[in-house]
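Have a look at the structure below, then the notes.
The values are calculated or read from the model by the stated rules, or taken from the named source; none is laboratory data. The structure presented is a predicted model; accordingly, all values stated were derived computationally and were not measured. No Cβ is skipped: glycine too gets one built from the backbone with ideal geometry, and neighbour counts run over all protein chains shown.
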Amino acid sequence: MLAVNGFPERPTLADVAAHAGVSTVTVSRVVEASPKVALKTRERVQAAMDELGYFGNAAATQLVSGRSRTVGVVASNTVEYGYNRVIAGTEQSARLKDLAVLIAVVEGESEDAVRKTVATLASQGLGGVIVIDFDPLGRAVAEALPAYLPAVAATAPHPGYSRSLPSVSIDEYEGSVTAAQHLIGLGHRSIFILDSPNLEAQGRRSRGILDTLDAAHLPHYPTFRCADWSPASGHAATRELLAAYGEAVTAIVCANDEIALGAARAIRDAGLSVPGDVSLVGYDDNPLAAFTEPPLTTIQQDFIELGRLAFDLLTDLIHGVAPLDSPQSIQPSLVIRESTAPPNPARGLR
């Protein structure tokens, strides 16, 4: 029989039972992998399911078991490297536990967009939600989620939260300290920052660099805020930086690798070289970083592991296991490639 839209109607449990010549109770037991069904009967029911294209009914299963087989992931972005790797790590862990993942994207920055996203998540009967809290939109969704819905944040905790979520994070501050120490160790004394585009007063990545400069008694220069996470934004900010500070610039630390790619092009456009005139450090270790010209020194962040740990923390919450008192944290690591070198003696502080 055809449905109203012209497609065949979705097979039901009763259709499978009739096709296999068994009761609906027997089909339910096969779907639930109950040991109460004989092998030959199980094979007959499975063959009927395969022929009809019956894959069970998640909503019905949830009504019987009282437990959802789906978790949600909410993000403001699924294209940028860090976001999509966290989602990939979550999906990998979910598959191992035979769970499905629903991905919700915040479409816009308005309160209405946040409200619609929360409504989508809350209406799906999810077991819980992972919030990729890399930006203010993620935090807005986290705060608006209903208290009855188990939720964790995949990021570091932020001051000012009205709702404190269990969290897993990458220690971005320590990663930026490592980057600054690397450049200082090479002899750089005038280190500039291309900061993240979010609305924070000062990003954790930048704060670690500035604190390290303080510890080394080196000057701060104005931080250049990028418009977004793209190479184009990095290119524009670097042009502005070079125009303002010229030969003082010997090293730039970028908020991510894509921004660093744009910065490298702007440096070449100015008739300079990387790292002969300006050393360049990225952040994230995007797979492209190893294949740029020159290969990019960067801070490696294990976003896949972040997604896995966030999923594990969420499943603990769903099963009533109390989270650790302090947030879990992953340590990043410095990957040294060919984009950093000692400073050009003709450039920098005089």
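Every test in (1) free of Cβ contacts under 8 Å to residues at least 40 places away in the same chain; (2) buried (at least 20 other Cβ atoms within 10 Å of the Cβ) is passed by residue 339 save one, and that test is (1).
Considering 246, 271, which residue is among the small types (Gly, Ala, Ser), over 24 Å from the mean Cα position of the chain (by Cα), at pLDDT below 95 and over 21 Å from residue 204 (Cβ atoms)?
Going through 246, 271 in turn, just one is among the small types (Gly, Ala, Ser), over 24 Å from the mean Cα position of the chain (by Cα), at pLDDT below 95 and over 21 Å from residue 204 (Cβ atoms): 246.
Looking at 346, 310, 322, 341, just one residue is of a type in the set (A, V, I, L, M, F, W, C), closer than 23 Å to residue 74 by Cα and assigned to a loop (DSSP other than H, G, I, E, B), and that residue is 322.
Candidates are the residues of the stretch 309-323 that are surrounded by fewer than 21 Cβ atoms within 10 Å (Cβ to Cβ) and in contact (Cβ under 8 Å) with a residue 60 or more places away in the chain; the one that is nearest to residue 167 (Cα to Cα) is 323. Condition check for residue 253 on (1) in a strand (DSSP E or B); (2) more than 30 Å from the chain's Cα centre (by Cα): one failure, at (2). Condition (residue is out of contact with any strand residue (DSSP E or B) (no Cβ under 9 Å at 6 or more places or on another chain) and within 21 Å of residue 286 (Cα to Cα)) applied to the stretch 244-263: is it met by at least one residue? For the stretch 244-263, residues out of contact with any strand residue (DSSP E or B) (no Cβ under 9 Å at 6 or more places or on another chain) and within 21 Å of residue 286 (Cα to Cα): absent.
Criterion first (assigned to a loop (DSSP other than H, G, I, E, B), among the aliphatic types (A, V, I, L, M) and touching a residue at least 24 places away in the same chain (Cβ under 8 Å)) does residue 218 satisfy it? Yes, satisfied.
When 128, 138 are checked against the criterion of being in contact (Cβ under 8 Å) with a residue 40 or more places away in the chain and under 16 Å from the mean Cα position of the chain (by Cα), 138 stands alone in meeting it.
The sole residue among 294, 287 that is without any contact (Cβ under 8 Å) to a residue 24 or more places away in the chain, outside the structural domain of residue 85 (by TED's automatic domain parsing) and more than 14 Å from the chain's Cα centre (by Cα) is 287.
Scanning the stretch 227-240 for residues that are modelled with pLDDT of 90 or more and crowded, with 17+ Cβ neighbours inside 10 Å returns 230, 231, 233, 234, 235, 236, 237, 238, 239. So is residue 281 in contact (Cβ under 8 Å) with a residue 24 or more places away in the chain, within 19 Å of residue 204 (Cβ to Cβ), buried (at least 22 other Cβ atoms within 10 Å of the Cβ) and aliphatic (A, V, I, L, M) or not? Taking the combined requirement at face value, the residue satisfies it.
Go through 227, 232 for me and flag whichever is outside any loop (DSSP other than H, G, I, E, B), of a type outside the set (Ser, Thr, Tyr) and assigned by TED's automatic domain parsing to the domain that holds residue 262. Break it down stepwise before answering.
Details: 227 fails: outside any loop (DSSP other than H, G, I, E, B).
So the residue among 227, 232 that is outside any loop (DSSP other than H, G, I, E, B), of a type outside the set (Ser, Thr, Tyr) and assigned by TED's automatic domain parsing to the domain that holds residue 262 is 232.
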